[in-house]
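S.K.: This is the structure I have questions about; it appears just below.
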Amino acid sequence: MSRDTRGTLHLEDARVVRQSAYAAEQFVLRLAAPGCAARAEPGTFVHLTCDPAIPMRRPLSIMRADPQAGWIDVLYKVVGPGLRALSARTSGDTVSVIGPIGHPFTAHPARPRPVLIGGGVGIPPMIFLAERLRADPHRHYHPLVLMGSEIPFPFQPRPSTLVIAGMPAGTIACMPLLEEWDVPSRLASRAGFPGCFDGYVTELASEWLGSLDAAALAEVELFACGPTPMLAAAAQLARRYGVPCQVSLEEFMACGVGGCAGCAVRVRTAEGDAMKRVCVDGPVFDALQVF
């Protein structure tokens, strides 16, 4: 069943296609949700029912969407009883989905070298954005994806064959899927994983940005999703290097559709400070307006 509500929100009963488990209780869930897949954009999310016995929905970022095949992928880590119940769902089960919700990332042709920074469960929107930028028919964008995690990544890293000038020596681990797309990526962690930069992902981004001259920096735009301290660090990078930055905020949500205002954050606007709802006014904001 699929239907639009209030002329804007899309509600459908999605079918579980498969559930893939990774280390540290991380899962990638593929849902047959053609209505959501047709509308999804990088940075948007879904609000889904984890189990019929748990009334509160959970917000999850969309990691990939195939409008033709009608499926979406979401990545999540088990935290609390809701997501634990979701991890028990199996192929053929039905999951109620509202989405896609929110305003997506917006890439600008004047900045053809986007740097996508994902931390932990903030990785999914970066994968989605990289896939969409890669699909640009004019091949205008040349994205670089940087990902950080203090637990094992939800994929098997491997040494990259794509050379990235300015990367610290020994930083060679990449995400295989991005490598297959010919999108360069590098990984960062303080957990000592082989081939990863030893530090935070924003520190890796800073080292790479510091290797660029003024002309190259004029082509860079930052996109980030992850824990709040990481987003604040990304905003600091934007200020230091004089580049624009968009961030996708993570907040606890009750309704997820703008009714309860429980996810409101303070945002600087031309008219002064204002409270904006992360679910429908975001989740993507200009980093310098939030941090």
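The values are calculated or read from the model by the stated rules, or taken from the named source; none is laboratory data. All values reported here derive from a predicted model rather than from experimental measurement. Positions of Cβ are generated from backbone atoms using ideal geometry, with glycine treated the same way; all protein chains shown enter the neighbour counts.
S.K.: Which of the following residues is farther than 26 Å from Tyr241 by Cα and at pLDDT below 95: Ala69, Ala135, Ala85?
M.R.: Ala135
S.K.: Another question about this same structure. Against the definition (over 20 Å from the mean Cα position of the chain (by Cα) and modelled with pLDDT of 80 or more), how does Leu222 come out, yes or no?
M.R.: Against the criterion (over 20 Å from the mean Cα position of the chain (by Cα) and modelled with pLDDT of 80 or more), Leu222 does not qualify.
S.K.: Determine if segment 38-49 includes at least one residue that is under 16 Å from the mean Cα position of the chain (by Cα), surrounded by fewer than 21 Cβ atoms within 10 Å (Cβ to Cβ), in contact (Cβ under 8 Å) with a residue 12 or more places away in the chain and closer than 21 Å to Ala135 by Cβ.
M.R.: yes
S.K.: Is it true that some residue in segment 6-15 is more than 17 Å from Gly82 (Cα to Cα), touching a helix residue (DSSP H, G or I) at 6+ places or on another chain (Cβ under 7 Å), at pLDDT below 95 and part of a strand (DSSP E or B)?
M.R.: yes
S.K.: Sticking with this one: Within segment 38-64, which residues are more than 16 Å from Arg277 (Cα to Cα), assigned to a loop (DSSP other than H, G, I, E, B) and touching a strand residue (DSSP E or B) at 6+ places or on another chain (Cβ under 7 Å)?
M.R.: Residues satisfying the conditions are Ala40, Glu41, Thr49, Cys50, Arg57.
S.K.: Working carefully through the options Glu207, Glu221, find the one that is of a type in the set (Asp, Glu) and either assigned to a strand (DSSP E or B) or crowded, with 24+ Cβ neighbours inside 10 Å (or both).
M.R.: Glu221
S.K.: Filtering segment 270-291 down to residues that are in a strand (DSSP E or B) and of a type in the set (D, E, K, R), which residue is farthest from the chain's Cα centre (by Cα)?
M.R.: Here the residue is Asp273.
S.K.: Let me ask something else. Please state which one of Val257, Val247, Val267 is without any contact (Cβ under 8 Å) to a residue 60 or more places away in the chain, buried (at least 19 other Cβ atoms within 10 Å of the Cβ), at negative phi and not charged (D, E, K, R).
M.R.: Answer to the selection: Val247.
S.K.: Taking segment 227-269, which residues are under 28 Å from Ala214 (Cβ atoms) and assigned to a loop (DSSP other than H, G, I, E, B)?
M.R.: Gly242, Val243, Pro244
S.K.: Which condition number does Leu187 fail, the rest of (1) at pLDDT 95 or above; (2) in contact with a Lys or Arg (Cβ under 9 Å, 6 or more places away or on another chain); (3) surrounded by 13 or more Cβ atoms within 10 Å (Cβ to Cβ) being met?
M.R.: The number of the failed condition is (2).
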